[in-house]
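Heads up: the structure comes next, in structure tokens.
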Amino acid sequence: MEAIRKATAGGLEGVMVAETRLSDVDGERGKLVVAGHDVERLAGEATFEEAAALLWATDAASARAGIAAGRARAFERLGHLGDALDREGGMDALRASVAHLEEAPGPGASAAVTGAVATFAAAWARTRRGERPIAPDPTLGHAADYLRMVTGQTPDAARAAGLDAYLVTVADHGMNASTFAARVVASTGSDLISAVVAAIGALKGPLHGGAPGPVLDMLDAIGAPDRAAAWIEGELVAGRRLMGMGHRIYRVRDPRAAVLERATQQLQRAGISTGRLELARAVERAAEGALRQKHPDRPLRANVEFYTAVLLDTLGLDRREFSPTFAVGRVAGWTAHVEEQRATGRLIRPASTYVGPVPAEG
């Protein structure tokens, strides 16, 4: 009973619910391993399709073809989505759109829904701007085609590589809230689409996938590197949270922050810059110092959302498109976890501790 109480108080933190080959998060050392590969190396060497193939235990060519076909089939369904794409929020639109799908038969189901999520996210972005959705191009890689479907311009190699790095980096991350939601649904014997819809609902929450946009708001409010320290001090005195700083698992800097900072720097070297990278670095340094003084016993370092904001903004995406783009990458992990959970054949059914009133005896 005491163990249950501790698990409940910690939000199930430290409670093992599955054995997985998909990813391992080492919060103490700041390491993320995805399908046997260090993410800091994988994100610099693999395309999103190659990383998805590792998660799905298939070959990269099949993954690429299946994802491209999924993009195309989803585009054909845009006229049958009702008002799904008219939602104000991108995650609401994505959840409603994916709910219209049926699980594809056979081993290509994961690739099909992965392609569909990108098409729906891009179609919502254009619909919100009053523009017509753009049909996918199966000859392009997934990252390049997603950028093209959102912006209307075929990206150059540097931009495509930048988004590939992002999508690979966020493809899987242990038993996070949205992945756990997908596995719980899968454990009931439900279908893949229901599991992905549940995961999207979890990712929508501001405590999980909703902070990259506010990071950009923070950088805009600061404006210049020499204003960072004073602005941060004012926020801390007011008791407000600094966006993009701290992580539930990592006790050191989030390794994904390093990957995305590097990807943004590579874009800058290619002549693609918004000027925010140096500002972000100054804000990160100032925030780390201020937080170290305020919370000496709580390591609070930059997390994935901090440099997600800088990278996706550099790639030309609007801040309201950041969370749907997170789902474009993470769906590869969700679907892999669904298949892994199905293989166990066991219902996830945690216990709870009753703290309500007790009926009177007699």
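Assuming R0 = 51 Å, can you tell me the calculated FRET efficiency for the pair D226 and D83, based on Cβ-Cβ distance, to the nearest 0.05?
Efficiency, from the Cβ-Cβ distance: 0.60.
Non-local amide H neighbours of R301 (under 5 Å, H modeled in plane, Pro and chain starts lacking H): which ones?
Under 5 Å from the amide H of R301: G246, H247.
Can you give the local net charge around F75? Use residues other than it whose beta-carbon is closer than 15 angstrom to its beta-carbon, Lys and Arg +1, Asp and Glu -1.
Overall, the nearby charge balance is +2.
Give me the net charge for the shell around A229: Cβ to Cβ below 14 angstrom, other residues only, Lys and Arg +1, Asp and Glu -1. Working shown, then result.
On the way: positive: R227, R281, R285, R292, K294; negative: D226, E233, E235, E284, E288.
Residues close to A229 contribute a combined charge of 0.
Placing +1 at every Lys and Arg Cβ and -1 at every Asp and Glu Cβ, with all other atoms neutral, what dipole size does the stretch 1-151 have around its Cα centre, in debye to the nearest 20?
My answer is approximately 400 debye.
Quick check of the Kirkwood formula: for the stretch 212-314, what is the inverse mean of 1/r over all pairs of different Cα atoms, in Å? Please list the in-between numbers first.
Working: mean 1/r = 0.0733 Å⁻¹.
Taking the inverse mean of 1/r over all distinct Cα pairs, the stretch 212-314 comes out at 13.6 Å.
Give, in nm to one decimal, the length gained when the segment between E19 and R73 is fully stretched (0.36 nm per residue of separation minus the Cα-Cα distance). Kindly include the intermediate steps, with their values, before the conclusion.
Values: separation 54, 0.36 × 54 = 19.44 nm, distance 3.35 nm.
Contour length minus Cα-Cα distance gives 16.1 nm.
Rounded to whole Hz and in sequence order, give me ³J(HN,Hα) for the stretch 239-247 from the Karplus expression 6.51 cos²θ - 1.76 cosθ + 1.60, θ = phi - 60°, writing x for Gly and Pro.
With the stated coefficients, the stretch 239-247 comes to x, 9, 7, 8, 5, x, 10, x, 8 Hz.
List the residues, sorted by chain then number, that are 5 or more residues from K31 or on another chain and whose placed amide H is less than 5 Å from its amide H.
Correct list: D26.
So what's the back-of-envelope 222 nm ellipticity for the chain, counting only DSSP H runs of four-plus at -39500 (n - 2.57) apiece and dividing by all residues, rounded to 500?
For the chain, the value works out to -18000 deg cm²/dmol.
Using a Gaussian network model on the chain with a 10 Å cutoff between Cα atoms, which of D226, D318, D26 fluctuates the most?
D226
Tell me, what HN-Hα J-couplings in whole Hz come from the Karplus equation 6.51 cos²θ - 1.76 cosθ + 1.60 at θ = phi - 60° for each residue of the stretch 301-307, using x for Gly and Pro?
Ordered by residue, 3J(HN,Hα) equals 10, 4, 10, 4, 5, 4, 8 Hz.
I need W124, W334 ordered by Cβ neighbour count within 10 Å, fewest first. Write down the numbers at each step before the final one.
Numbers: W124 28, W334 31.
By the 10 Å Cβ count, ascending, the order reads W124, W334.
What is the spin-label model distance, in nm, from E361 to T154 if the labels are put 7 Å beyond Cα along the C-beta direction?
7.9
Based on the mean of other beta carbon atoms within 10 Å per residue, what is the order of 258-264, 276-282, most packed first?
Values: 258-264: 23.0, 276-282: 18.7.
In descending order of packing, they fall as 258-264, 276-282.
In whole Hz, with x marking every Gly and Pro, tabulate ³J(HN,Hα) for the stretch 114-127 from phi via Karplus 6.51 cos²θ - 1.76 cosθ + 1.60, θ = phi - 60°.
For the stretch 114-127, the Karplus curve yields 4, x, 5, 4, 5, 4, 5, 4, 5, 5, 5, 4, 6, 4 Hz.
Please give the peptides 66-73, 87-94, 47-54 ranked by average Cβ packing (other Cβ atoms within 10 Å per residue), highest first, as a rough proxy for protection.
Top of the packing list down: 47-54, 66-73, 87-94.
Could you order peptides 142-151, 348-357, 101-110 by the average number of other Cβ atoms within 10 Å of their residues, highest first?
142-151, 101-110, 348-357
Every number here is computed from the coordinates shown, using simple stated rules; none is lab data. Model, not experiment: these values are computed from the prediction. Heads up, the Cβs are rebuilt from the backbone with ideal geometry, glycines too, and the neighbour counts pull from every protein chain shown.
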